[in-house]
């Protein structure tokens, strides 16, 4: 980045810091939440928490830190209009709910607090949820919520006519040949999955916008289409694309098995073909709300099952997928379950999108 570009970026961050900061709230509204993140987690994790609480119509005070972290936070807050950076420390809370990763916070010492939410960064397939423990739902990409407001148009997407039996679209660079996904989580990687399907002749690659338009505007295609480089579907049109597909192949991400695309597919009633059904809480069920695979043989059988599936079965699975999303992945409902729970102290298990966080997720 040029010196001028760096200076402009720095000036924008300082301006945002001034605009979105407060030293102390003037009042303590009943729907406010104080979010205190001390660990060096990926800031996308923080954004997902902001979206989580904002979806339940709560205002958020994000405890600020000295240094670059708060500059990065301030630049992101233009997308989070119900969040303010809070610079004062607290002995009594400035919010009725405190959500923190500080293990030393105790509900008994937070005078006036109605609920304490303790954050734990260990979301993963081995996670167990005893009473008072909740899993943060897997989410769509943050910009789908805050920029494109796609979660507000789900009903129209769900009722759109389907055009393609099965598809995949996404990145296929070398980063997706992940040792973490294979060695730590024991899953076939994204590149392994796509290479196998290509070698078996089970997919048709679409690499031009003209070819994709023809597929979406023509009669129903009983095919498995893979949209790949150099063609890229714009994020603002992603949910619309998914709404025209009956099934979406949802292979792993880079560090972890789970990926945004499975949640985005389920949001619009598209059924996931995936090798991480156990990374959802509760787990997805093969033949009910997903088609699951673990080995190459499972994958091939799953693809053939999808391509030969009757319309009544597809319709039933789509209904199940929508019911699962609304019950377990709707952020507003999930946040309400936690905030309205009868316990004063609860634990929220979330992911930390950093490589060093993997051991906690796999129980090492």
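The values are calculated or read from the model by the stated rules, or taken from the named source; none is laboratory data. Since the structure is predicted, the reported quantities are computational estimates derived from the model, not experimental observations. In this analysis, Cβ positions are derived from the backbone assuming ideal geometry, glycine residues included, and neighbour counts consider all displayed protein chains.
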I need the full set of residues from segment 60-73 which are at pLDDT below 90 and under 15 Å from residue 146 (Cβ atoms), in order please.
73
Apart from one, (1) in a loop (DSSP other than H, G, I, E, B); (2) over 22 Å from residue 319 (Cβ atoms) all hold for residue 288; the odd one out is (2)
Listed residues 121, 176; which is closer than 26 Å to residue 41 by Cβ, at pLDDT below 95, in contact with a strand residue (DSSP E or B) (Cβ under 9 Å, 6 or more places away or on another chain) and buried (at least 17 other Cβ atoms within 10 Å of the Cβ)?
121
Can you tell me which of 111, 126 is without any contact (Cβ under 8 Å) to a residue 40 or more places away in the chain, in a loop (DSSP other than H, G, I, E, B) and not assigned by TED's automatic domain parsing to the domain that holds residue 325?
111
Please go through segment 193-223 and pick out each residue that is under 21 Å from residue 275 (Cα atoms) and touching a residue at least 40 places away in the same chain (Cβ under 8 Å).
193, 194, 196, 197, 200, 202, 223
Would you say residue 56 is closer than 19 Å to residue 146 by Cβ, surrounded by 21 or more Cβ atoms within 10 Å (Cβ to Cβ) and either outside the structural domain of residue 101 (by TED's automatic domain parsing) or at pLDDT 85 or above (or both)?
no
Restricting the search to segment 128-164, which residues are within 23 Å of residue 342 (Cα to Cα) and buried (at least 16 other Cβ atoms within 10 Å of the Cβ)?
134, 135, 136, 137
Residues in segment 180-194: is at least one in contact with a helix residue (DSSP H, G or I) (Cβ under 6 Å, 6 or more places away or on another chain) and more than 16 Å from residue 258 (Cα to Cα)?
no
Report, by residue number, each residue of segment 260-279 that is out of contact with any helix residue (DSSP H, G or I) (no Cβ under 7 Å at 6 or more places or on another chain) and touching a residue at least 24 places away in the same chain (Cβ under 8 Å).
260, 261, 262, 275, 276, 278, 279
